[in-house]
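Presented below is the structure to which this report refers.
The values are calculated or read from the model by the stated rules, or taken from the named source; none is laboratory data. Just so it is clear, the structure is predicted and the values come from calculations on it, not from any experiment. Don't worry about glycine lacking a Cβ; one is built from the backbone with ideal geometry, like all the others, and counts go over all protein chains shown. Note: areas computed on protein heavy atoms with side chains; ligands, DNA, RNA excluded. Shrake-Rupley method; radii C 1.70, N 1.55, O 1.52, S 1.80 Å.
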Amino acid sequence: MGTKLTVTPGEKHEPSYHKLQGNDSAACLATGFTQINEVNEALFKGTEAVRISDGSVYTQVAVLTTEDTKQKCDELAASSGDCGDPLNRDPMVNLMSLTVVGLRLIFIKTIIFNVLMTFKLWMSQ
């Protein structure tokens, strides 16, 4: 009788491609893939995939220097689809944030009022 080890493969995710642009530079980002050698595109040759923190997904970036690489990245990003609106927040979260800010303001006003009343008491004696 011995120990039996069973290895089950995890979920496999394909990379999502995004084009990042600055003032004078551009880069192509491949993110969200689970196997380190998943990105086989020519424009990512010479770059390494990096694991994001302790998670199981990788990210890889390539600097775009020519018009051909920029066009290829545009094609990859278009085929990847839209990643959604990251700024679309839940209204309940906004309400809770506003409530917390209001409570903090009331707390600060209470502290200031108490300090001022204490100074006034000390000055009158």
Seminar exercise, completed: Going through region 1-18 in order, the residues found to be more than 17 Å from the chain's Cα centre (by Cα) and in contact (Cβ under 8 Å) with a residue 24 or more places away in the chain are Gly10, His13, Glu14
Exercise. Is it the case that Leu121 is without any contact (Cβ under 8 Å) to a residue 24 or more places away in the chain, exposed (fewer than 10 other Cβ atoms within 10 Å of the Cβ) and assigned to a helix (DSSP H, G or I)?
Worked result: yes
Problem set entry | Checking Ala77 against (1) within 20 Å of the chain's Cα centre (by Cα); (2) free of Cβ contacts under 8 Å to residues at least 60 places away in the same chain; (3) open to solvent by less than 70 Å² (accessible area, probe 1.4 Å), the condition it does not meet | (2)
Exercise. If we keep just the residues of region 19-40 that are under 20 Å from the mean Cα position of the chain (by Cα) and over 15 Å from Thr69 (Cβ atoms), which is most open to solvent (accessible area, probe 1.4 Å)?
Worked result: Ile36
Exercise. Counting just the residues of region 52-78 that are of a type outside the set (A, V, I, L, M) and within 18 Å of Lys12 (Cβ to Cβ), which one comes out modelled with the lowest pLDDT?
Worked result: Gly55
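Being assigned to a loop (DSSP other than H, G, I, E, B) and either among the β-branched types (Val, Ile, Thr) or modelled with pLDDT under 75 (or both) is the requirement here; does Thr110 meet it?
Considered against the rule, which asks whether it is assigned to a loop (DSSP other than H, G, I, E, B) and either among the β-branched types (Val, Ile, Thr) or modelled with pLDDT under 75 (or both), Thr110 comes out as no.
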Exercise. Of the residues that make up region 41-51, is at least one open to solvent by 40 Å² or more (accessible area, probe 1.4 Å), at pLDDT 80 or above, of a type in the set (Gly, Ala, Ser) and in contact with a helix residue (DSSP H, G or I) (Cβ under 9 Å, 6 or more places away or on another chain)?
Worked result: yes
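Where residues in region 19-65 are assigned to a loop (DSSP other than H, G, I, E, B) and touching a residue at least 24 places away in the same chain (Cβ under 8 Å), which of them is farthest from Ala78 (Cα to Cα)? Lay out the reasoning, then the answer.
Step one: list which residues in region 19-65 are assigned to a loop (DSSP other than H, G, I, E, B), which gives 22-25, 34-41, 45-49, 52-57, 65.
From the residues that got through so far, the ones that are touching a residue at least 24 places away in the same chain (Cβ under 8 Å) too are 25, 34, 38-39, 41, 56-57.
Details: Ser25: 20, Thr34: 21, Glu38: 18, Val39: 16, Glu41: 15, Ser56: 25, Val57: 21 Å.
Looking at residues that are assigned to a loop (DSSP other than H, G, I, E, B) and touching a residue at least 24 places away in the same chain (Cβ under 8 Å), I get Ser56.
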Exercise. What number of residues in region 3-18 are assigned to a loop (DSSP other than H, G, I, E, B) and open to solvent by less than 40 Å² (accessible area, probe 1.4 Å)?
Worked result: 1
Problem set entry | So Gly84, is it at pLDDT below 85, loosely packed, with under 10 Cβ neighbours inside 10 Å and on the phi > 0 side of the Ramachandran plot | yes
